[in-house]
């Protein structure tokens, strides 16, 4: 029995290779200008052209409204632009999510009746084809994403390997730099010692001679003394960076340290005509530390105050204590510190920029040495300045009383340190976590002050980073509470754009963005030798 042409055309619509030709054949059988098949796509809940038909329709709002009506099963008629001709009759026969669109004339009802029983099978076949196409597209997308992920993973592995290599190279360069500084200081000291001795002998022999000789010998003596101080600082900083300084701690009076430092700098103070105002504590304050090194710390701060204060300036030295710490604060009315230098003033070789004729010399070592020696005693040093020309104030803080610091202490980086970050910013917390975890440390994030105080592990944090996005009141209150909970050696720092801000309980400030160098410096601190050995094991 020969198959009806209309029925055969519907059957061939299920074949992607014959679909367009079958649509033309069906249009001829129905007596219309054109035929299009559309399917309901469940993802967008709308009719879309079946695979193989043009995927766009030109017709504007009229077509959109007509296709919206065609969501319902049955027969729908409208007059629309079709095949470039305006006002064409368009009839849609809709069944089982399939719409047969017939354009240009009224279809032959007899042919339509014969092909209607084929619609469910055609709808089933075309929907299956659509699902397969979607699955293939998703599979292609998944393969593409997997390929991109692999490329990114390979790039990340390469970046990590490069970072590891660069870190190792940087550590080696630092080690060589430290060794070079130590060798340079020793080589400078060798010829310097006989020079100083020879000048002193000449000065004594020339006593009472002509004025020019005394003046020249005085210049030589002052300059060799200055050079000796630079070499001594260079030697000390090289010892500190290599962990070679050994403290000899004992219980001593804090004001005794201040008096010794004043005597060391008295000649410089008098030469520049400075007024020195001393404010001793109301009662004796005992600290535990190396008397020579603590005197060196206070002496360096006094020397800086005298050096960077114009002649006939005013320098104030105050000492006191609270329940936990003793402090020595040195304030001057000198040249001050620029805002951009506050955060780096204690860095090695850091010096404020100045014109050559205004340079006061130095290597930028003294304050680095001050910070290092203070931390080796379990203390810290901070600075405040309102800006250039407005003076500065340095504050040394030390643990109070005997047993505050044990002997045999060296400065070394902590391994596997634990850090608490308190910030409302997830981005800041993630950045700190990524940097420190790559260095082998553990990071805990708290997104509010209340959450930070509720953490069960805060007794074991080696450092706490407080975001300056918190208010000053929040920072001060949280720092004070954490101080009562944390170990005395834990550092609390403020991260943000508040250089020079001194808040109770806060040790230091770190500028944003937080660099790997700044975070690494935060976790390089004074630890007892046996504790360092435990952390490395």
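Nothing in this text is a laboratory measurement; each read-out follows from the coordinates by a stated rule. Since the model is a prediction, treat every value here as computed from it, not as a measurement. Using ideal geometry, Cβ is built from the backbone for each residue, glycine included, and neighbour counts are taken over all protein chains shown.
Values as computed for the structure displayed
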| read-out | value |
| --- | --- |
| Förster-model FRET efficiency, 30 Å R0, residue 212 and residue 259, C-beta, rounded to 0.05 | 0.20 |
| Ranking of 124, 308 by count of other Cβ atoms within 10 Å, fewest first | 124, 308 |
| Gyration tensor verdict on region 250-299 (Cα atoms; rounded if a/c is under 1.5, prolate if a/b is larger than b/c, oblate otherwise) | oblate |
| Highest to lowest packing among 168-176, 39-47, 366-374, scored as the average C-beta count within 10 Å | 366-374, 39-47, 168-176 |
| FRET efficiency estimate (nearest 0.05) - Cβ-Cβ, residue 520 to residue 158, R0 35 angstrom | 0.95 |
| Segments 88-95, 10-17, 447-454 sorted - mean Cβ within 10 Å per residue, highest first | 88-95, 10-17, 447-454 |
| Estimated D of region 5-135 in µm² per second, where Rh is the Kirkwood radius over Cα pairs and Stokes-Einstein applies at 4 °C, 1.567 mPa s | 88 µm²/s |
| Contour minus Cα-Cα distance for residue 133 and residue 471 (0.36 nm per residue) | 116.0 nm |
| Distance between modelled label sites at residue 195 and residue 227, nm, 7 Å Cα→Cβ extension | 0.1 nm |
| Length added when fully stretched, residue 106-residue 390, from 0.36 nm per residue minus Cα-Cα | 92.7 nm |
